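The values are calculated or read from the model by the stated rules, or taken from the named source; none is laboratory data. Given the structure is predicted, the values throughout are model-derived calculations rather than measurements. For neighbour counting, all protein chains shown are included, and Cβ atoms are generated from backbone atoms with ideal geometry for every residue, glycine included. Remember, those area values only see protein heavy atoms, side chains included, never the ligands or the DNA or RNA. Shrake-Rupley method; radii C 1.70, N 1.55, O 1.52, S 1.80 Å.
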Amino acid sequence: MSKPLPALSRLLLAAAISVTLGTPMLAQNNATLSVVAPFEVLSPEPSIAGYIFTRMGIAETLVNADAEGRLLPGLATDWTASEDGLSWRFTLRDGVVFHDGTALTPAAVINALETARAKPGPLGDLPITAMEADGNTVVMTLSEPRAALPAFLAEARAQILAPDAYGADGMATAMIGTGPYQLTDLSPPLSLRASVFAPYWGDAPHVGNVTYAAVGRAETRALMAESGDDDFVFTLDPASVTRLGNSDAVEVLSVAIPRTLLLKVNAAHPFLSDIGARQALSLAIDRAGIAQAILRYPEGADQLFPPAIGAWHNEDVAPLTYDVAAAQALLADLGWTPGNDGVLMRDGERFALTLLTYPDRPELPLVAAVLEQQLRAVGIDVTINSTNSSEIPAGHQNGTLEIALLARNFALIPDPIGTVLSDFAPVGDWGAMGWDNAEIVELAQALARGEGDDADRARVTAILQEELPIIPIAWYQQTLAVAAGIEGATIDPWERTFGLQDLRKPE
Amino acid sequence: MTILLNRLVQAAMVAIIVGVSTFAMMRALPGDAAYRIAAGRYGYDNVTAAAADAVRAELGLDAHWFPALLQWLGDLVRLDFGVSLVSGQPVMQEIVHQLGASLWLALAAVGLSLLMGPPLGILAGLRPGGLLDRVLLVVSTGLKSIPQFLMALILILSVQMGWLPAAGYGQSRHFILPALALALGLAAVNARITRDAMARITEMPFYRFAGWKGLRHGQVLRRHGLRNVAVPLLTYLGLQFVTLIEGVVVIETIVGWPGIGHALVHAVFARDVPMVQGTALVLGLGFVLINTVIDLTVRRIDPRGRT
């Protein structure tokens, strides 16, 4: 039996323990955290790979968003709109410096945003007529009210880089941001390194260095997580999620995100112009089967917006269901009768459609193959064309697209009104096609101006549920494998940040 | 000297043929180039008609093909490959970066295969029909016929044992896995070539005479064997570089290696014409260069070709 320690020794011991245990937790250490994700980092240009730099904590935007999509101060500490909604004032944060040592000024912000607005993207479509500096404030003048303006400024393409970051043609040639991490090496297209930026305005990150590697194959990413060599592996394939779930070396996180797997339908197509035909298509789809067998999610989507988007998820609409007999009845009402090979015929025409999809997301061709079978069961003959993703907007524009399977992100801007406006008011490259609904256009425009309320949002989703210009199939889940020992990992459902500055990794 | 002159003419021919044919092929691909480039640049979430129109206007894609061809050939003469349509970086810079990564991987693979294949081949060739010869035949046939499958096996095994990183780039240990996977396939063929050459040479009168005149086995091999074996081996090595590129494309995608194979595949998908043209050209000229070096080396070790 050992003697009890004298009081002073106990105190010293306690202090020593708290120092040894506490230090790596409090101060930033020299560890390196390695991030692996499928996205290639092609260039420092915000419109091309900007989202990687915001996610890595290298570049920042005026406005941030939390996990619920609520807007938070970023490089702007607050913002106000005039009574008529045509003039917005964004007050800039004091004491912010770019990674090249220059100060964040209204002029630098205006330069960055004007440069971004000259490129294709949602920012360029905003009705901004002027941007001026007023003291430490940026004043934006609009030609019509746009309540979601701050949300547009939270998007990666609206990131604020130092004036020296841009080349003569407006394309960024260097990544000079304001984030907690400073880029130290960029090797396009696959990797970058960054270290803590000491003069950062906010809380210093805990981990001193971060690396990013783009790895295209999901199977390889899963192996990298499994080997324990990489700490933070983003986007896993469904089979690997199951396998890694059994491993002690990693923890797998999974979160529903505002991205929906859906069928884009050409409502101007003679076979699909009737609401009944689109409803029949929807009834023919076994969403739970697709979700469980291919995506390994517990359930499919019974409306467009997942519950994660509180304001746009509508509890009151009748959920989309799977009912082959009802689908067949609807099609029979429209004059379709089964032909010799089981495919429906009407006026000598076969009910045959071409389905476009793209292999960039590996689950899409698989889901397409299942859809082909499920639609065949109600007498619709589908031919799959798995091609370049750009064939979908191209087919939309020239009117040749019939149906397309795609994964639509409703949160590029952390307020879905941006996507609703571009996709359903009344049509959009990745949204409705050949569809015209005056009510939804009016509602969406009013919501964009800031005039509508939750009842209007509910009406928009009810119209989409009723008319089915697009047919929702499943809500996506984002997955992340984190090495054991890393603390504080979360997934941002709005996919704006990896949250690296909050992570802790023992040295 | 004539070799060099011949090869120089060959290089010029390769440049013109590769240049014109890649230009024609990229023009002939189906689909709207503006949309493809926009998809490559901005990703599938952001490719829209507006983005495609902006790309079309920026790059002048509506222009007639003939001036564009002349422009490209003119730039070629000045060795100006232009900038990538997707990343906006100079093509030359990207190629140097990516070809460098591939070249190191290829060299590591060839080096590794030379350590494995030829020594075994020589041993087997010295005793044709022996145990080693028969085992080597089976193993090398097996290795040659299942490269990707084998790759997957090594990957899974080494990851689960915690021996090697599954993928990555930048540290020397990242070389081991892809280089080994490529080298096993190369060594399989190397070993066969060496073995056949060795077996043939041991049958030759001069080789037997060297033994009769009293030299020991090792002496015969060093003085009369190795140089003769080296000639077909080196010639074949030139060819192997070509097949290596094929393997590199697959391996680079699997292990996330920022190499030329990876770059070429992505450039084709994104309709990044300058990048495709530049890469194809550099690869074409690279083959000419490798063959020239091999020719010169073979002439040095084999006096029969000299006049």
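What the table below lists for this structure:
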item: Filter result (touching a residue at least 24 places away in the same chain (Cβ under 8 Å) and out of contact with any Gly (no Cβ under 9 Å at 6 or more places or on another chain)) within region B:32-54; result: B:33, B:34, B:36, B:37, B:39, B:40
item: Condition check for residue B:54: part of a helix (DSSP H, G or I), open to solvent by 50 Å² or more (accessible area, probe 1.4 Å), within 12 Å of chain A (Cβ to nearest Cβ) and touching a Pro at 6+ places or on another chain (Cβ under 6 Å); result: no
item: Near pairs, Cβ below 7 angstrom, 6+ apart or cross-chain, from region A:246-269 (part of a loop (DSSP other than H, G, I, E, B)) to any residue that is of a type in the set (Asp, Glu) and at pLDDT 90 or above; result: A:269/A:402
item: Residue within region B:189-200 that is more than 14 Å from chain A (Cβ to nearest Cβ), over 30 Å from residue A:228 (Cα atoms) and modelled with pLDDT under 85 present; result: no
item: All positions within region A:339-372 that are in a strand (DSSP E or B) and more than 20 Å from residue B:43 (Cβ to Cβ); result: A:344, A:345, A:346, A:349, A:350, A:352, A:353, A:354, A:355
item: Selection from region B:186-227 of residues that are touching a Phe, Trp or Tyr at 6+ places or on another chain (Cβ under 8 Å), farther than 24 Å from residue B:142 by Cα and not small (Gly, Ala, Ser); result: B:201, B:220, B:224
item: Every residue from region A:81-96 that is of a type in the set (Val, Ile, Thr) and either touching a Pro at 6+ places or on another chain (Cβ under 6 Å) or in a loop (DSSP other than H, G, I, E, B) (or both); result: A:96
item: All positions within region B:80-96 that are without any contact (Cβ under 8 Å) to a residue 12 or more places away in the chain and open to solvent by 80 Å² or more (accessible area, probe 1.4 Å); result: B:93, B:96
item: Of all residues in region A:75-92 being open to solvent by less than 20 Å² (accessible area, probe 1.4 Å) and at pLDDT 95 or above, the one that is nearest to residue A:136 (Cα to Cα); result: A:92
item: Test: residue A:67 is at negative phi, surrounded by fewer than 18 Cβ atoms within 10 Å (Cβ to Cβ) and either modelled with pLDDT of 95 or more or outside the structural domain of residue A:143 (by TED's automatic domain parsing) (or both); result: no
item: Top-ranked residue in region A:152-172 [being touching a residue at least 40 places away in the same chain (Cβ under 8 Å) and more than 25 Å from the chain's Cα centre (by Cα); ranked as most open to solvent (accessible area, probe 1.4 Å)]; result: A:164
item: Residues of region A:198-210 that turn out to be in a loop (DSSP other than H, G, I, E, B) and either of a type in the set (A, V, I, L, M, F, W, C) or under 16 Å from residue B:171 (Cβ atoms) (or both), as a count; result: 3
item: Residue match in region A:171-185 (condition: within 23 Å of residue B:263 (Cβ to Cβ), charged (D, E, K, R) and within 11 Å of another protein chain (Cβ to nearest Cβ)); result: yes
item: Failed item in (1) at pLDDT 90 or above; (2) open to solvent by less than 30 Å² (accessible area, probe 1.4 Å), with residue A:445 passing the rest; result: (2)
item: Residue ID - farthest from residue A:430 (Cα to Cα), chosen from residues in region A:205-239 that are out of contact with any strand residue (DSSP E or B) (no Cβ under 8 Å at 6 or more places or on another chain) and within 12 Å of another protein chain (Cβ to nearest Cβ); result: A:227
item: Residue, farthest from residue A:498 (Cα to Cα), within region A:245-267, restricted to residues that are in contact with a strand residue (DSSP E or B) (Cβ under 7 Å, 6 or more places away or on another chain) and among the small types (Gly, Ala, Ser); result: A:267
item: Residue among A:357, A:387, A:400 that is more than 30 Å from residue A:150 (Cα to Cα) and open to solvent by 60 Å² or more (accessible area, probe 1.4 Å); result: A:400
item: Among (1) free of Cβ contacts under 8 Å to residues at least 60 places away in the same chain; (2) more than 14 Å from chain B (Cβ to nearest Cβ) - the single one residue A:48 does not satisfy; result: (2)
item: Condition broken by residue B:294, with the remaining ones in (1) over 14 Å from the mean Cα position of the chain (by Cα); (2) open to solvent by less than 10 Å² (accessible area, probe 1.4 Å); (3) under 24 Å from residue B:121 (Cα atoms) satisfied; result: (2)
item: Residues being surrounded by fewer than 19 Cβ atoms within 10 Å (Cβ to Cβ) and among the polar types (S, T, N, Q) - total across region A:263-306; result: 2
item: Of all residues making up region A:323-353, the number that are surrounded by fewer than 18 Cβ atoms within 10 Å (Cβ to Cβ) and either outside the structural domain of residue A:419 (by TED's automatic domain parsing) or not charged (D, E, K, R) (or both); result: 16
item: Which numbered condition residue A:425 fails, given (1) at the interface with chain B (Cβ under 10 Å from one of its Cβ atoms); (2) open to solvent by 10 Å² or more (accessible area, probe 1.4 Å); result: (1)
item: Residue that is in the same structural domain as residue B:222 (by TED's automatic domain parsing) and not in a helix (DSSP H, G or I), where the choices are B:118, B:128; result: B:128
item: Qualifying residue in region A:108-130 (condition: in the same structural domain as residue A:57 (by TED's automatic domain parsing), more than 28 Å from the chain's Cα centre (by Cα) and touching a residue at least 40 places away in the same chain (Cβ under 8 Å)); result: no
item: The lone exception for residue B:178 - which of (1) more than 26 Å from residue B:123 (Cα to Cα); (2) more than 14 Å from chain A (Cβ to nearest Cβ) it fails; result: (2)
item: Which listed residue, of A:436, A:453, is open to solvent by 10 Å² or more (accessible area, probe 1.4 Å) and over 18 Å from residue A:266 (Cα atoms); result: A:453
item: Only listed residue being at pLDDT 95 or above and part of a strand (DSSP E or B), chosen from A:213, A:194; result: A:194
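Matching residues to (1) modelled with pLDDT under 80; (2) more than 14 Å from chain A (Cβ to nearest Cβ); (3) open to solvent by 10 Å² or more (accessible area, probe 1.4 Å); (4) outside any helix (DSSP H, G or I):
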position: B:142; (1), (2), (3), (4): no, yes, yes, no
position: B:153; (1), (2), (3), (4): yes, no, yes, no
position: B:163; (1), (2), (3), (4): yes, no, yes, yes
position: B:202; (1), (2), (3), (4): no, yes, yes, no
